[in-house]
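The values are calculated or read from the model by the stated rules, or taken from the named source; none is laboratory data. Quick caveat: nothing in here was measured; it's all calculated off a predicted structure. Virtual Cβ from ideal backbone geometry, glycine too; neighbours counted across all protein chains shown. All accessible areas refer to the heavy atoms of the entire protein, side chains included, with ligands and DNA or RNA removed. Shrake-Rupley method; radii C 1.70, N 1.55, O 1.52, S 1.80 Å.
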Amino acid sequence: MLSGLNPKLSAALAAAIWGTTYIFVSMVLPHNPIFTGAVRALGGGLPLLLFYNELPPREWWGKVALLGTLNCGIVFAFLFIAAERLPGGVAGTLQSLGPIITVLIAWPLLGERPTWLRLTSVVLGAVGVMILLTGGKIVLDFVGAVAGLIAAMSLALGGVLLNRWGRPIPLLEFTAWQLVIGGVELAALAAFIGDVPASLDVASIAAYAYVALIGTSIAYALWFHGVEKAGAPAVAPFFLLIPMVAFALDASIRGFVPTWVQSLGAAIVLGSLLINQQAGKRAAN
């Protein structure tokens, strides 16, 4: 289904879709981060298994469990905790550190030493996101900040391990099993700590459906396609699109007009993506 799609475009689409989820978390969904993570993972993974239900080989079960925990369980739990405790801009800024973490992790695990041009591009991109999103006086919540960093590190490590190990079954099946594993972990945790909403209205149910099916099933399949075909370091800079899309939606829906400084930050982010792509072309030659 995804074989003919350009892998970098695939990763960019996934990142853009993920950026749309922030508006639902901040404005529509109930304040139950673990429950929300469980619904997102199970709601995204189970529909895929209805159509693509091939089991991974027995010798792969441990790896699939680890990938599901890193890419879904830990990421969703700490991402929604960060979104609950931090302003959306700060949470997006922390997630933008993912490219830097990915490039650094890929060095020892994949043997891919980052070029100065590529490393400079992702640092520049993170600086651009910080300029874009952290205007004004912001008081950081320590727990939220740590949660955002853990989410970025977990997804970066999961992407690098996926790039190193490959996969034993087709992409959609592999994605579905990771989501279900992470969802079961989060559902058990939500039940254990009582992080379950008392009731859900129609708007919340619709938002959960979008976040699970579009923001998870489709977005994760697109992202893993990009990681598999282009490599984790090559697609990691598209993490930067997540906070940019979140910012644009926040500005359009809430009527916030960006300052010239924030516009400069957006230009820096776009420039960093162009520099990174140029670094990838040089590495391929």
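Remarks
- Note on ILE105: accessible area is roughly 40 Å² with a 1.4 Å probe, heavy atoms of protein only.
- Mean-square fluctuations from a GNM of the chain, with a 10 angstrom spring cutoff on Cα atoms, peak among PRO170, PRO33, PRO57 at PRO57.
- Estimated distance in nm for a label pair at LEU189 and LEU104, the labels positioned 7 Å out from Cα along Cα-to-Cβ: 2.3
- Each other residue within a Cβ distance under 11 Å of GLY166 adds +1 if Lys or Arg and -1 if Asp or Glu, for a net charge of +2.
- Since only VAL180, PRO237, GLY215 are under comparison, the one whose Cα sits farthest along the positive direction of the charge dipole of the chain, derived from C-beta charges on Lys, Arg, Asp and Glu, is PRO237.
- Mean separation of Cα contacts under 8 Å, 6 or more apart, over the residue count of the chain: relative contact order %: 41
- Note that the stretch 1-133 shows a convex hull volume over its alpha carbon atoms of 151 Å³ per residue.
- Solvent accessible area, Å² - ASP141, 1.4 Å probe, full protein context: 40
- Hydrophobic, long helices, defined as DSSP H runs whose alpha-carbon span along the helix axis is 20 Å or greater and whose mean Kyte-Doolittle value is at least -0.5, occur in the chain at 7-27, 33-51, 116-133, 142-165, 171-193, 260-284.
- Local electrostatic count, PRO57, Cβ distance below 13 Å [Lys/Arg +1, Asp/Glu -1]: 0
- Per residue of the chain, the DSSP helices (runs of n ≥ 4 H) give a summed -39500 (n - 2.57) that works out to -24000 deg cm²/dmol at 222 nm.
- SER217, SER263, SER252, ranked by accessible area, largest first (probe 1.4 Å): SER252, SER263, SER217
- Result for the chain in a Gaussian network model with C-alpha springs under 10 Å: among VAL261, VAL269, VAL180, the largest mean-square fluctuation is at VAL261.
- Sorting VAL202, VAL64 by solvent-accessible area of protein heavy atoms yields VAL202, VAL64, largest first, with a 1.4 Å probe.
- Neighbourhood charge, 10 Å Cβ-Cβ cut-off, centred on ALA234 and excluding it, Lys, Arg +1 and Asp, Glu -1: +2
- Rg to Rh, two decimals, where the stretch 151-285 supplies the alpha carbon set and Rh follows Kirkwood: 1.03
- Exposure of GLU228 as accessible area (Å², to 10), given a probe of 1.4 Å and all protein chains: 60
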